[in-house]
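> Next up is a structure, given as C-alpha coordinates.
The values are calculated or read from the model by the stated rules, or taken from the named source; none is laboratory data. In this text, all values refer to a predicted model and were calculated from it rather than measured experimentally. Note that each Cβ is placed from the backbone with ideal geometry, even for glycine, and that neighbours are counted across all protein chains shown. To get the accessible areas, we keep the full protein, side chains included, count just its heavy atoms, and leave off ligands, DNA and RNA. Shrake-Rupley method; radii C 1.70, N 1.55, O 1.52, S 1.80 Å.
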Amino acid sequence: MAKERFEKPTGTQDVLPGAVEKWQVVEAKARELCRRFNYREIRTPMFEHTGLFERGVGETTDIVEGEMYTFKDKGDRDLALRPEGTAGVVRAYVQNKLYGEPDVSKLYYIGPMFRYERPQAGRYRQFHQFGIEAFGAVDPAIDAEVISLGYQFYIDLGLKDVRVELNSVGNAPSRAAYREKLLNFLRPMRENLCSDCQRRMDRNPLRVLDCKVDQDKFGGAPSILDSLDEECTEHFAKVRGHLDVMGVEYSINPRLVRGLDYYTHTAFEYKAAGIGSIDTVGGGGRYNGLVEEIGGPDQPGIGFGIGLERILLILDNQGVELEAAKPLDVYFIALGEAADLEITKQLFHLRSLGFSAERDYLGRKMKAQMKSADRMAARYTAILGEDELNSGVIALKSMETGEQRTVKLDELAQALIQN
(Lines give C-alpha, C1' and ligand atoms only; values in the text may rest on other atoms or scores of the structure.)
Protein backbone atom coordinates (compact mmCIF):
# COMPACT_ATOMS: atom_id res chain seq x y z
CA MET A 1 0.00 0.00 0.00
CA ALA A 2 1.16 3.50 -0.83
CA LYS A 3 1.90 5.63 2.20
CA GLU A 4 -0.29 8.67 2.75
CA ARG A 5 1.38 11.89 1.60
CA PHE A 6 0.76 14.82 3.91
CA GLU A 7 0.73 18.47 2.85
CA LYS A 8 0.41 21.67 4.86
CA PRO A 9 -3.17 22.79 5.59
CA THR A 10 -4.75 25.32 3.25
CA GLY A 11 -3.90 28.87 4.23
CA THR A 12 -0.65 28.01 6.01
CA GLN A 13 2.96 28.15 4.88
CA ASP A 14 6.33 26.60 5.59
CA VAL A 15 8.95 29.28 6.22
CA LEU A 16 12.14 27.59 5.08
CA PRO A 17 15.83 28.39 5.57
CA GLY A 18 16.69 31.12 3.10
CA ALA A 19 13.37 32.86 3.77
CA VAL A 20 13.23 32.62 7.54
CA GLU A 21 16.24 34.93 7.82
CA LYS A 22 14.08 37.76 6.46
CA TRP A 23 11.53 37.06 9.19
CA GLN A 24 14.29 37.21 11.77
CA VAL A 25 15.41 40.63 10.50
CA VAL A 26 11.85 42.01 10.62
CA GLU A 27 11.23 40.60 14.10
CA ALA A 28 14.59 41.88 15.36
CA LYS A 29 13.76 45.38 14.12
CA ALA A 30 10.40 45.23 15.89
CA ARG A 31 12.04 44.20 19.17
CA GLU A 32 14.74 46.85 18.90
CA LEU A 33 12.18 49.55 18.13
CA CYS A 34 10.10 48.54 21.16
CA ARG A 35 13.21 48.71 23.33
CA ARG A 36 13.80 52.29 22.16
CA PHE A 37 10.17 53.21 22.89
CA ASN A 38 10.26 51.38 26.27
CA TYR A 39 7.69 48.65 25.45
CA ARG A 40 8.15 45.27 27.15
CA GLU A 41 7.37 41.91 25.57
CA ILE A 42 4.37 39.84 26.68
CA ARG A 43 3.57 36.29 25.54
CA THR A 44 0.02 35.01 25.87
CA PRO A 45 -1.55 31.60 24.99
CA MET A 46 -2.37 30.84 21.37
CA PHE A 47 -5.83 29.73 22.50
CA GLU A 48 -8.22 31.29 24.98
CA HIS A 49 -11.81 30.80 26.10
CA THR A 50 -14.11 31.62 23.18
CA GLY A 51 -16.10 34.06 25.33
CA LEU A 52 -13.04 36.31 25.66
CA PHE A 53 -13.09 37.07 21.95
CA GLU A 54 -16.87 37.35 21.81
CA ARG A 55 -16.73 40.04 24.50
CA GLY A 56 -13.38 41.56 23.58
CA VAL A 57 -13.53 41.61 19.78
CA GLY A 58 -17.29 42.05 19.43
CA GLU A 59 -20.05 39.62 18.52
CA THR A 60 -21.00 41.60 15.39
CA THR A 61 -17.53 41.42 13.82
CA ASP A 62 -16.68 39.17 10.88
CA ILE A 63 -14.02 37.54 13.06
CA VAL A 64 -16.43 36.28 15.72
CA GLU A 65 -19.29 35.57 13.33
CA GLY A 66 -17.39 33.31 10.97
CA GLU A 67 -13.60 33.41 11.07
CA MET A 68 -12.61 31.95 14.44
CA TYR A 69 -11.21 28.46 14.86
CA THR A 70 -13.25 27.18 17.81
CA PHE A 71 -13.25 23.79 19.50
CA LYS A 72 -14.21 21.99 22.69
CA ASP A 73 -11.47 20.48 24.83
CA LYS A 74 -11.75 17.24 26.80
CA GLY A 75 -13.34 19.15 29.65
CA ASP A 76 -16.10 20.35 27.29
CA ARG A 77 -14.81 23.94 27.50
CA ASP A 78 -15.31 26.26 24.51
CA LEU A 79 -11.91 27.43 23.30
CA ALA A 80 -10.68 29.36 20.28
CA LEU A 81 -7.36 29.91 18.58
CA ARG A 82 -6.60 33.60 18.98
CA PRO A 83 -7.76 35.61 15.92
CA GLU A 84 -5.99 38.78 17.08
CA GLY A 85 -3.67 39.86 19.88
CA THR A 86 -5.39 42.59 21.86
CA ALA A 87 -8.06 40.57 23.71
CA GLY A 88 -5.50 38.10 25.08
CA VAL A 89 -3.16 40.87 26.19
CA VAL A 90 -6.03 42.66 27.94
CA ARG A 91 -7.01 39.40 29.66
CA ALA A 92 -3.41 38.94 30.87
CA TYR A 93 -3.28 42.60 31.97
CA VAL A 94 -6.41 42.09 34.08
CA GLN A 95 -5.68 38.60 35.42
CA ASN A 96 -2.13 39.48 36.47
CA LYS A 97 -3.15 42.88 37.89
CA LEU A 98 -0.68 44.82 35.78
CA TYR A 99 -2.97 47.81 36.32
CA GLY A 100 -1.45 48.01 39.80
CA GLU A 101 1.87 49.20 38.36
CA PRO A 102 2.59 52.89 39.00
CA ASP A 103 3.46 53.67 35.36
CA VAL A 104 1.71 53.20 32.05
CA SER A 105 1.87 49.52 31.02
CA LYS A 106 3.52 49.45 27.59
CA LEU A 107 3.59 45.96 26.09
CA TYR A 108 4.35 44.32 22.75
CA TYR A 109 3.90 40.88 21.24
CA ILE A 110 5.00 38.95 18.16
CA GLY A 111 3.30 35.69 17.28
CA PRO A 112 0.83 33.63 15.22
CA MET A 113 -2.90 34.38 14.92
CA PHE A 114 -5.60 32.27 13.26
CA ARG A 115 -8.62 33.17 11.12
CA TYR A 116 -10.65 31.02 8.77
CA GLU A 117 -10.88 33.19 5.68
CA ARG A 118 -10.14 32.90 1.97
CA PRO A 119 -6.36 32.79 1.50
CA GLN A 120 -4.95 35.41 -0.87
CA ALA A 121 -1.80 37.45 -1.38
CA GLY A 122 -0.39 38.37 2.03
CA ARG A 123 -3.30 36.76 3.89
CA TYR A 124 -3.19 33.32 5.50
CA ARG A 125 -5.30 31.32 7.93
CA GLN A 126 -2.30 31.17 10.22
CA PHE A 127 -0.61 34.54 10.10
CA HIS A 128 1.75 36.51 12.30
CA GLN A 129 1.35 39.87 13.94
CA PHE A 130 3.57 42.37 15.65
CA GLY A 131 1.47 44.46 18.01
CA ILE A 132 1.74 46.88 20.89
CA GLU A 133 -0.69 47.85 23.65
CA ALA A 134 -0.43 50.78 26.10
CA PHE A 135 -2.71 50.81 29.17
CA GLY A 136 -3.50 53.44 31.76
CA ALA A 137 -3.24 56.79 29.95
CA VAL A 138 -5.88 58.97 28.27
CA ASP A 139 -3.27 61.51 27.17
CA PRO A 140 -3.50 62.07 23.37
CA ALA A 141 0.31 61.99 23.34
CA ILE A 142 0.25 58.22 23.89
CA ASP A 143 -2.07 57.84 20.87
CA ALA A 144 0.48 59.69 18.77
CA GLU A 145 3.35 57.65 20.23
CA VAL A 146 1.64 54.38 19.29
CA ILE A 147 0.96 55.61 15.76
CA SER A 148 4.53 56.89 15.39
CA LEU A 149 6.06 53.61 16.57
CA GLY A 150 4.29 51.68 13.82
CA TYR A 151 5.20 54.34 11.28
CA GLN A 152 8.86 54.21 12.34
CA PHE A 153 8.81 50.42 12.04
CA TYR A 154 8.03 50.72 8.34
CA ILE A 155 10.68 53.42 7.90
CA ASP A 156 13.33 51.29 9.63
CA LEU A 157 12.51 48.39 7.31
CA GLY A 158 12.91 50.62 4.24
CA LEU A 159 9.29 50.33 3.11
CA LYS A 160 8.39 52.97 0.52
CA ASP A 161 5.28 55.18 0.23
CA VAL A 162 3.81 54.31 3.63
CA ARG A 163 0.98 56.55 4.74
CA VAL A 164 -1.18 56.85 7.84
CA GLU A 165 -4.95 57.26 7.66
CA LEU A 166 -6.53 58.71 10.77
CA ASN A 167 -10.02 59.13 12.17
CA SER A 168 -11.91 59.50 15.42
CA VAL A 169 -14.79 57.16 16.15
CA GLY A 170 -15.70 59.22 19.20
CA ASN A 171 -17.21 58.10 22.48
CA ALA A 172 -20.56 56.39 23.12
CA PRO A 173 -22.71 59.56 22.98
CA SER A 174 -20.99 60.74 19.79
CA ARG A 175 -21.45 57.39 18.11
CA ALA A 176 -25.12 57.25 19.12
CA ALA A 177 -25.72 60.63 17.47
CA TYR A 178 -23.79 59.60 14.38
CA ARG A 179 -25.58 56.25 14.19
CA GLU A 180 -28.91 57.97 13.54
CA LYS A 181 -27.45 60.24 10.85
CA LEU A 182 -25.79 57.28 9.16
CA LEU A 183 -28.94 55.14 9.24
CA ASN A 184 -30.93 57.99 7.65
CA PHE A 185 -28.35 57.99 4.85
CA LEU A 186 -28.28 54.19 4.42
CA ARG A 187 -31.96 53.26 4.64
CA PRO A 188 -32.95 54.48 1.15
CA MET A 189 -30.23 52.32 -0.44
CA ARG A 190 -30.68 49.25 1.76
CA GLU A 191 -31.96 46.96 -1.00
CA ASN A 192 -28.97 47.84 -3.21
CA LEU A 193 -26.41 46.95 -0.57
CA CYS A 194 -24.74 43.57 -0.12
CA SER A 195 -26.12 41.08 2.40
CA ASP A 196 -23.31 41.82 4.86
CA CYS A 197 -24.15 45.53 4.81
CA GLN A 198 -27.84 44.83 5.35
CA ARG A 199 -27.03 42.67 8.36
CA ARG A 200 -24.64 45.25 9.76
CA MET A 201 -27.25 48.01 9.42
CA ASP A 202 -29.36 46.20 12.00
CA ARG A 203 -26.55 45.34 14.40
CA ASN A 204 -23.69 47.82 13.99
CA PRO A 205 -24.32 50.46 11.27
CA LEU A 206 -20.84 52.03 11.56
CA ARG A 207 -19.31 48.83 10.23
CA VAL A 208 -21.23 49.23 6.97
CA LEU A 209 -18.59 51.82 6.06
CA ASP A 210 -15.96 49.09 6.40
CA CYS A 211 -17.50 47.10 3.52
CA LYS A 212 -15.14 46.43 0.60
CA VAL A 213 -18.01 45.64 -1.83
CA ASP A 214 -20.13 48.80 -1.63
CA GLN A 215 -17.50 51.49 -0.99
CA ASP A 216 -18.53 53.36 -4.15
CA LYS A 217 -22.02 53.95 -2.68
CA PHE A 218 -20.86 55.79 0.44
CA GLY A 219 -19.41 58.94 -1.11
CA GLY A 220 -22.11 61.16 0.35
CA ALA A 221 -22.21 59.52 3.78
CA PRO A 222 -22.20 61.88 6.76
CA SER A 223 -18.87 62.27 8.52
CA ILE A 224 -18.57 61.05 12.09
CA LEU A 225 -16.29 64.01 12.72
CA ASP A 226 -19.37 66.26 12.52
CA SER A 227 -20.96 64.32 15.40
CA LEU A 228 -18.05 64.47 17.84
CA ASP A 229 -18.70 66.24 21.14
CA GLU A 230 -16.28 68.77 22.61
CA GLU A 231 -14.22 66.16 24.47
CA CYS A 232 -13.73 63.99 21.39
CA THR A 233 -12.99 66.94 19.13
CA GLU A 234 -10.34 68.22 21.52
CA HIS A 235 -8.74 64.78 21.91
CA PHE A 236 -8.56 64.29 18.13
CA ALA A 237 -7.05 67.74 17.62
CA LYS A 238 -4.34 67.05 20.21
CA VAL A 239 -3.46 63.69 18.63
CA ARG A 240 -2.97 65.46 15.31
CA GLY A 241 -0.89 68.15 16.99
CA HIS A 242 1.51 65.58 18.45
CA LEU A 243 1.81 63.82 15.09
CA ASP A 244 2.50 67.16 13.41
CA VAL A 245 5.44 68.03 15.66
CA MET A 246 6.89 64.54 15.14
CA GLY A 247 6.66 64.93 11.38
CA VAL A 248 4.48 61.82 10.94
CA GLU A 249 2.53 62.37 7.75
CA TYR A 250 -1.16 61.39 7.85
CA SER A 251 -4.46 62.01 6.12
CA ILE A 252 -7.90 62.10 7.71
CA ASN A 253 -10.35 59.45 6.52
CA PRO A 254 -13.77 60.00 8.15
CA ARG A 255 -14.99 56.62 6.87
CA LEU A 256 -12.27 54.68 8.67
CA VAL A 257 -14.00 52.69 11.43
CA ARG A 258 -11.79 49.54 11.65
CA GLY A 259 -13.22 46.03 11.81
CA LEU A 260 -13.40 45.55 15.58
CA ASP A 261 -16.12 46.75 17.93
CA TYR A 262 -13.95 47.92 20.82
CA TYR A 263 -12.49 51.13 19.34
CA THR A 264 -13.16 54.57 20.83
CA HIS A 265 -11.69 57.95 19.90
CA THR A 266 -8.58 57.43 17.74
CA ALA A 267 -8.64 54.90 14.89
CA PHE A 268 -5.87 54.57 12.33
CA GLU A 269 -4.49 52.38 9.56
CA TYR A 270 -1.16 52.09 7.78
CA LYS A 271 -1.35 51.89 4.00
CA ALA A 272 1.26 50.81 1.45
CA ALA A 273 1.04 49.78 -2.20
CA GLY A 274 2.44 46.45 -3.25
CA ILE A 275 -0.09 43.62 -2.83
CA GLY A 276 -2.81 44.27 -5.38
CA SER A 277 -6.10 45.66 -4.14
CA ILE A 278 -5.12 45.15 -0.49
CA ASP A 279 -3.21 48.17 0.75
CA THR A 280 -3.79 48.03 4.52
CA VAL A 281 -0.68 46.66 6.23
CA GLY A 282 -1.65 47.35 9.83
CA GLY A 283 -3.83 49.44 12.07
CA GLY A 284 -5.27 50.01 15.48
CA GLY A 285 -6.90 52.48 17.79
CA ARG A 286 -7.97 53.43 21.27
CA TYR A 287 -10.23 51.14 23.33
CA ASN A 288 -11.13 52.88 26.57
CA GLY A 289 -13.88 50.47 27.64
CA LEU A 290 -12.29 47.14 26.78
CA VAL A 291 -10.38 46.48 30.02
CA GLU A 292 -13.57 46.96 32.05
CA GLU A 293 -15.57 44.83 29.59
CA ILE A 294 -13.17 41.94 30.19
CA GLY A 295 -13.52 42.19 33.96
CA GLY A 296 -10.87 44.69 34.96
CA PRO A 297 -11.00 48.23 36.30
CA ASP A 298 -11.89 51.18 34.09
CA GLN A 299 -8.49 51.57 32.43
CA PRO A 300 -7.94 53.16 29.00
CA GLY A 301 -5.87 51.49 26.31
CA ILE A 302 -4.55 51.93 22.80
CA GLY A 303 -2.60 49.71 20.43
CA PHE A 304 -2.04 48.36 16.94
CA GLY A 305 -1.50 45.11 15.06
CA ILE A 306 0.74 44.73 12.01
CA GLY A 307 0.67 41.67 9.75
CA LEU A 308 4.20 40.39 9.10
CA GLU A 309 3.30 38.35 5.99
CA ARG A 310 2.03 41.49 4.27
CA ILE A 311 5.14 43.42 5.28
CA LEU A 312 7.45 40.78 3.81
CA LEU A 313 5.41 40.56 0.61
CA ILE A 314 5.48 44.33 0.07
CA LEU A 315 9.18 44.53 0.84
CA ASP A 316 9.77 41.88 -1.80
CA ASN A 317 7.48 43.57 -4.35
CA GLN A 318 9.15 46.93 -3.73
CA GLY A 319 12.59 45.38 -4.19
CA VAL A 320 13.72 46.29 -0.67
CA GLU A 321 16.70 44.16 0.35
CA LEU A 322 16.79 43.26 4.02
CA GLU A 323 20.08 42.84 5.82
CA ALA A 324 21.73 39.57 4.86
CA ALA A 325 22.33 36.96 7.53
CA LYS A 326 25.85 37.00 8.93
CA PRO A 327 28.17 34.59 7.06
CA LEU A 328 29.65 31.51 8.66
CA ASP A 329 32.90 32.44 10.42
CA VAL A 330 34.83 29.26 9.72
CA TYR A 331 34.40 25.85 8.10
CA PHE A 332 36.70 23.11 9.43
CA ILE A 333 38.25 20.43 7.22
CA ALA A 334 39.95 17.46 8.89
CA LEU A 335 42.35 15.12 7.10
CA GLY A 336 42.74 11.95 9.14
CA GLU A 337 41.24 10.47 12.33
CA ALA A 338 43.50 12.30 14.80
CA ALA A 339 42.77 15.60 13.06
CA ASP A 340 39.07 14.75 13.14
CA LEU A 341 39.07 14.62 16.96
CA GLU A 342 41.00 17.89 17.21
CA ILE A 343 38.51 19.53 14.84
CA THR A 344 35.67 18.39 17.11
CA LYS A 345 37.47 20.06 20.03
CA GLN A 346 38.18 23.28 18.09
CA LEU A 347 34.65 23.45 16.68
CA PHE A 348 33.03 23.28 20.11
CA HIS A 349 35.53 25.74 21.58
CA LEU A 350 34.92 28.39 18.91
CA ARG A 351 31.15 28.00 19.14
CA SER A 352 31.35 28.46 22.91
CA LEU A 353 33.17 31.77 22.28
CA GLY A 354 30.39 33.01 19.99
CA PHE A 355 31.77 32.14 16.56
CA SER A 356 29.62 30.41 13.94
CA ALA A 357 31.41 27.29 12.75
CA GLU A 358 30.69 24.12 10.77
CA ARG A 359 32.39 20.92 9.57
CA ASP A 360 31.68 18.00 7.24
CA TYR A 361 29.69 15.02 8.55
CA LEU A 362 29.33 13.11 5.27
CA GLY A 363 32.87 11.80 4.81
CA ARG A 364 33.40 13.81 1.63
CA LYS A 365 36.69 14.55 -0.15
CA MET A 366 38.45 17.83 0.52
CA LYS A 367 37.29 19.34 -2.79
CA ALA A 368 33.63 18.66 -1.94
CA GLN A 369 34.12 20.10 1.54
CA MET A 370 35.55 23.29 0.05
CA LYS A 371 32.45 23.59 -2.15
CA SER A 372 30.29 23.13 0.94
CA ALA A 373 32.19 25.94 2.71
CA ASP A 374 31.59 28.16 -0.32
CA ARG A 375 27.84 27.39 -0.36
CA MET A 376 27.63 28.34 3.31
CA ALA A 377 29.42 31.64 2.57
CA ALA A 378 32.12 30.82 5.12
CA ARG A 379 34.66 33.60 5.69
CA TYR A 380 37.45 31.08 6.29
CA THR A 381 38.22 27.43 5.98
CA ALA A 382 40.47 25.90 8.64
CA ILE A 383 42.29 22.85 7.32
CA LEU A 384 43.96 20.40 9.70
CA GLY A 385 46.08 17.45 8.55
CA GLU A 386 48.54 15.18 10.33
CA ASP A 387 51.56 17.44 9.73
CA GLU A 388 49.75 20.54 11.02
CA LEU A 389 48.47 18.62 14.05
CA ASN A 390 51.98 17.42 14.96
CA SER A 391 53.21 21.03 14.71
CA GLY A 392 50.31 22.43 16.75
CA VAL A 393 49.11 24.65 13.90
CA ILE A 394 46.19 24.83 11.47
CA ALA A 395 45.94 26.25 7.92
CA LEU A 396 43.54 29.20 7.75
CA LYS A 397 42.34 30.17 4.26
CA SER A 398 40.37 33.30 3.36
CA MET A 399 37.49 32.33 1.06
CA GLU A 400 37.35 35.87 -0.31
CA THR A 401 41.00 36.37 -1.28
CA GLY A 402 42.30 32.80 -1.38
CA GLU A 403 45.18 33.80 0.93
CA GLN A 404 46.28 30.98 3.23
CA ARG A 405 48.48 31.06 6.33
CA THR A 406 49.18 28.89 9.35
CA VAL A 407 48.26 29.88 12.89
CA LYS A 408 48.79 28.13 16.20
CA LEU A 409 45.83 26.01 17.27
CA ASP A 410 45.52 27.84 20.57
CA GLU A 411 45.54 31.20 18.74
CA LEU A 412 42.85 30.39 16.16
CA ALA A 413 40.11 32.36 17.92
CA GLN A 414 42.33 35.44 18.14
CA ALA A 415 43.23 35.13 14.45
CA LEU A 416 39.52 35.09 13.52
CA ILE A 417 38.84 38.15 15.70
CA GLN A 418 41.67 40.12 14.08
CA ASN A 419 40.35 39.35 10.61
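> Confirm whether Val138 is open to solvent by 10 Å² or more (accessible area, probe 1.4 Å) and in contact with a helix residue (DSSP H, G or I) (Cβ under 9 Å, 6 or more places away or on another chain).
Values: open to solvent by 10 Å² or more (accessible area, probe 1.4 Å): yes; in contact with a helix residue (DSSP H, G or I) (Cβ under 9 Å, 6 or more places away or on another chain): yes.
In short, yes.
> Take the residues in segment 174-220 that are more than 16 Å from Ala267 (Cβ to Cβ) and aliphatic (A, V, I, L, M), then tell me which one is modelled with the lowest pLDDT.
Checking each candidate, the answer is Val213.
> Among the numbered criteria (1) outside any helix (DSSP H, G or I); (2) without any contact (Cβ under 8 Å) to a residue 24 or more places away in the chain; (3) open to solvent by 60 Å² or more (accessible area, probe 1.4 Å), which one does Glu54 miss?
(1)
> Scan segment 143-161 residue by residue and report those that are open to solvent by 20 Å² or more (accessible area, probe 1.4 Å) and of a type outside the set (S, T, N, Q). I'd like the intermediate steps shown before the answer.
Keep residues of segment 143-161 that are open to solvent by 20 Å² or more (accessible area, probe 1.4 Å), which gives 145, 151-152, 155-156, 158, 160-161.
Those that are open to solvent by 20 Å² or more (accessible area, probe 1.4 Å) and of a type outside the set (S, T, N, Q): Glu145, Tyr151, Ile155, Asp156, Gly158, Lys160, Asp161.
> Something else: Would you check if there is a residue in segment 153-160 being touching a Ser or Thr at 6+ places or on another chain (Cβ under 6 Å) and within 30 Å of Lys29 (Cα to Cα)? Spell out how you get there, then give the answer.
Of segment 153-160, the ones touching a Ser or Thr at 6+ places or on another chain (Cβ under 6 Å) are none.
No: zero hits.
> Identify, by number, the condition in (1) at pLDDT 95 or above; (2) open to solvent by less than 90 Å² (accessible area, probe 1.4 Å) that Gly319 doesn't meet.
Just one mismatch for Gly319, condition (1).
> Still on this structure: Which of the residues belonging to segment 98-130 are part of a loop (DSSP other than H, G, I, E, B), open to solvent by 60 Å² or more (accessible area, probe 1.4 Å) and either in contact with a Leu (Cβ under 7 Å, 6 or more places away or on another chain) or among the charged types (D, E, K, R) (or both)?
Going through segment 98-130, the residues part of a loop (DSSP other than H, G, I, E, B) turn out to be 101-104, 115-119, 121-122, 124-125.
Applying the additional criterion that residues be open to solvent by 60 Å² or more (accessible area, probe 1.4 Å) yields 101-103, 116, 118, 124.
Glu101, Asp103, Arg118, listed by residue number.
> How about segment 327-377: which of its residues are free of Cβ contacts under 8 Å to residues at least 24 places away in the same chain and outside any helix (DSSP H, G or I)? Reasoning before the result, please.
Going residue by residue through segment 327-377, those that are free of Cβ contacts under 8 Å to residues at least 24 places away in the same chain are 337, 340-341, 344-345, 347-348, 351-352, 354, 361-365, 367-368, 371, 375.
Passing the criteria: Gly354, Tyr361, Leu362, Gly363, Arg364, Lys365.
> Look at Tyr331 and say whether it is open to solvent by 10 Å² or more (accessible area, probe 1.4 Å), aromatic (Phe, Trp, Tyr), farther than 30 Å from Val162 by Cβ and within 42 Å of the chain's Cα centre (by Cα).
On the way: open to solvent by 10 Å² or more (accessible area, probe 1.4 Å): no; aromatic (Phe, Trp, Tyr): yes; farther than 30 Å from Val162 by Cβ: yes; within 42 Å of the chain's Cα centre (by Cα): yes.
No.
> For segment 76-90, name all the residues that are over 20 Å from the mean Cα position of the chain (by Cα) and open to solvent by 40 Å² or more (accessible area, probe 1.4 Å).
Residues satisfying the conditions are Asp76, Arg77, Asp78.
> Something else: Scan segment 251-270 for residues that are open to solvent by 50 Å² or more (accessible area, probe 1.4 Å) and modelled with pLDDT of 95 or more and jot them down. Even if it seems obvious, please write down each step before you answer.
Residues of segment 251-270 open to solvent by 50 Å² or more (accessible area, probe 1.4 Å): 251-252, 255, 261.
Answer for segment 251-270, where residues must be open to solvent by 50 Å² or more (accessible area, probe 1.4 Å) and modelled with pLDDT of 95 or more: Ser251, Ile252.
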